[in-house]
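**Student:** Here you go, one structure.
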Amino acid sequence: MSPFVEASVVKMRLFNSFLAAVLIAVVVSLDRQRSSDWFLGWLAVIAPVTVYFIASVNSSGWALTGTTCFVFGLLLALRNRGQPKIWVPASVIALTSAFVANASRREAKYVLLILTTSIVINELVKNRNKIGKMTLLLSLVALPVMYIVFNFFTSVIGFARFNIFNDPRVEVDLGITTTAYDILVNNVINLPRFIIGFFGGWGLGWFELELTSTVWLFTLQTFLLTIGFAFFKSSKNHRVLIVALFGLMCMAIIYAHQQRFAKIFEYIQPRYFLPFFLGILIIAAANKKERYPQSLVVTVAILSTIANSIALRDTIRRYTTGQDVFISKSLNNPREWWWNFGPQPETIWLTGTLAFAALYALLIYERRNDLVESDPVTSSAI
């Protein structure tokens, strides 16, 4: 243990960021032409919440990294079963990532179990109009898996053992009586607001860091663009699977709150369900029959880069001038707190903004090269 807390925190943040960057870069590079769209679907929604936790010392960061790489690795292994150069390293990364995710948070094993079942069903469905016997069997097996997940919130994390439809608990505050049914209605109504937390609508950390509304609005828009295109360009059976996964996630959110006898915004944070959400998006992007068009990719890149830049500026301002200072004011002065060494806050913000934009630029460049190689006739018109 180091006696220098600040230095230790910086080292841990750098290591977590490095681990995530290496694992994701390696697994995506195994089959770039196929996984670039999956990576885009993931990249479109990671700013600001996923990026914040991956680069933090919070255990949720490893859960996010592990789940992401696990889904990438398992999909690549199954879709390249005839190519050992791909499926062998992809399988190794998937297993390593599963270990990382499971070691970080207790509920990760249940998320990985659901995603694994979904991916296997997803690969068996393919683009056929009829669901085969094996697919139907695995779908039935998924039902007890759902029960195990819901039961987890009851027995493992210590939530009270009550039936959400027949819950005797009552809460009285300021003369107002609240029953389990009242909480259920409240949580169903506020469920969209919970999901907005995936995009930064709740702020960052323990929500003491408020973000400009533009951040979550732009990230929500990139999510709608990518998931909308993926949904309408998938087969009917794949659409049913994605809807079922989103529905399962929403049911789990409601169930967790009911067992805790808690309203949305009180105890349970969106980060606990964020790995599940990211896994669903990657699976949805992998189901498409068509690639994302360049116009959509460029639009997503612009919106996501702006959202990340504003979120990064809001985050740095918390430590420098304070959040009461307008966003357009310099981060360097007046400065309430910053390191006595290293680059200035404005330099850090500009570097982070350009690095995120460069990642999109590289992705767009690689996708254009893939298009040129696969269709030289079409590429002449680009």
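The values are calculated or read from the model by the stated rules, or taken from the named source; none is laboratory data. As the structure is a prediction and not an experimental result, all values here were calculated from the model. Every residue, glycine as well, gets a Cβ built from its backbone with ideal geometry; the counts of neighbours run over all protein chains shown.
**Student:** Please return the ranges of helices (runs of 4 or more DSSP H) entirely within the stretch 281-382 where 2 or more residues are at pLDDT 80 or above and farther than 22 Å from Gln221 by Cβ.
**Tutor:** 294-319, 345-374
**Student:** Here is a further query. Is it the case that the stretch 216-233 has a residue that's charged (D, E, K, R) and more than 30 Å from Lys289 (Cα to Cα)?
**Tutor:** No, because not a single residue in the stretch 216-233 is charged (D, E, K, R) and more than 30 Å from Lys289 (Cα to Cα).
**Student:** If you don't mind, another one. Do any residues in the stretch 324-343 that are within 22 Å of Asn308 (Cα to Cα) have Cβ atoms under 9 Å from those of residues that are surrounded by 14 or more Cβ atoms within 10 Å (Cβ to Cβ) and basic (Lys, Arg), where the two are at least six apart or on different chains, and which pairs are they?
**Tutor:** As it stands, the answer is Val325/Arg317; Ile327/Arg313; Ile327/Arg317; Lys329/Arg317; Leu331/Arg313; Leu331/Arg317, since those pairs meet every condition given.
**Student:** Quick check: anything in the stretch 286-293 in contact (Cβ under 8 Å) with a residue 40 or more places away in the chain, under 19 Å from Phe199 (Cβ atoms) and aliphatic (A, V, I, L, M)?
**Tutor:** no
**Student:** Taking the options Ser56, Ser60, Ser29, Ser17, name whichever one is surrounded by fewer than 21 Cβ atoms within 10 Å (Cβ to Cβ) and closer than 22 Å to Phe207 by Cβ.
**Tutor:** Ser56
**Student:** Another question, if that's okay. For residues that are buried (at least 21 other Cβ atoms within 10 Å of the Cβ), more than 22 Å from Asn102 (Cβ to Cβ) and of a type outside the set (S, T, N, Q), tally how many sit in the stretch 258-278.
**Tutor:** Residues flagged as buried (at least 21 other Cβ atoms within 10 Å of the Cβ), more than 22 Å from Asn102 (Cβ to Cβ) and of a type outside the set (S, T, N, Q) within the stretch 258-278 amount to 1.
**Student:** Here is a follow-up. Just a yes or no: is a residue in the stretch 141-150 buried (at least 20 other Cβ atoms within 10 Å of the Cβ), out of contact with any Pro (no Cβ under 8 Å at 6 or more places or on another chain) and at pLDDT below 65?
**Tutor:** Among the residues of the stretch 141-150, at least one is buried (at least 20 other Cβ atoms within 10 Å of the Cβ), out of contact with any Pro (no Cβ under 8 Å at 6 or more places or on another chain) and at pLDDT below 65, which makes the answer yes.
**Student:** Within the stretch 50-63, track down each residue that is among the aliphatic types (A, V, I, L, M) and under 24 Å from Tyr292 (Cα atoms).
**Tutor:** If the condition is that a residue be among the aliphatic types (A, V, I, L, M) and under 24 Å from Tyr292 (Cα atoms), then Val51 is the only one that fits.
**Student:** Restrict the check to the stretch 281-296 and report whether at least one residue is of a type in the set (Asp, Glu), more than 21 Å from the chain's Cα centre (by Cα) and over 30 Å from Met249 (Cβ atoms).
**Tutor:** no
**Student:** Still on this structure: Would you pick out the residues in the stretch 201-239 that are of a type outside the set (Ser, Thr, Tyr), surrounded by fewer than 20 Cβ atoms within 10 Å (Cβ to Cβ) and in a loop (DSSP other than H, G, I, E, B)?
**Tutor:** Within the stretch 201-239, Gly203, Gly205, Trp206, Phe207, Glu208, Glu210, Lys233 qualify.
**Student:** Here is a follow-up. Please specify each residue of the stretch 63-82 satisfying the condition of being without any contact (Cβ under 8 Å) to a residue 40 or more places away in the chain and either of a type in the set (Gly, Ala, Ser) or assigned to a helix (DSSP H, G or I) (or both).
**Tutor:** Within the stretch 63-82, Ala77, Gly82 qualify.
**Student:** Next up: Looking at the stretch 240-266 only, could you name the residues that are part of a loop (DSSP other than H, G, I, E, B) and free of Cβ contacts under 8 Å to residues at least 40 places away in the same chain?
**Tutor:** Passing the criteria: only Glu266.
**Student:** Spot the failing condition for Trp87; the list is (1) within 20 Å of the chain's Cα centre (by Cα); (2) farther than 13 Å from Leu23 by Cβ; (3) assigned to a helix (DSSP H, G or I), and only one is missed.
**Tutor:** (1)
**Student:** Same structure, new question: Residues being part of a helix (DSSP H, G or I) and under 19 Å from Leu224 (Cβ atoms): count how many of those fall in the stretch 7-53. Outline the logic, then answer.
**Tutor:** Start the filter on the stretch 7-53 by keeping residues that are part of a helix (DSSP H, G or I), which leaves 7-29, 32-43, 49-53.
Filter again for under 19 Å from Leu224 (Cβ atoms), leaving 37-43, 49-50.
The number of residues fulfilling the criteria is 9.
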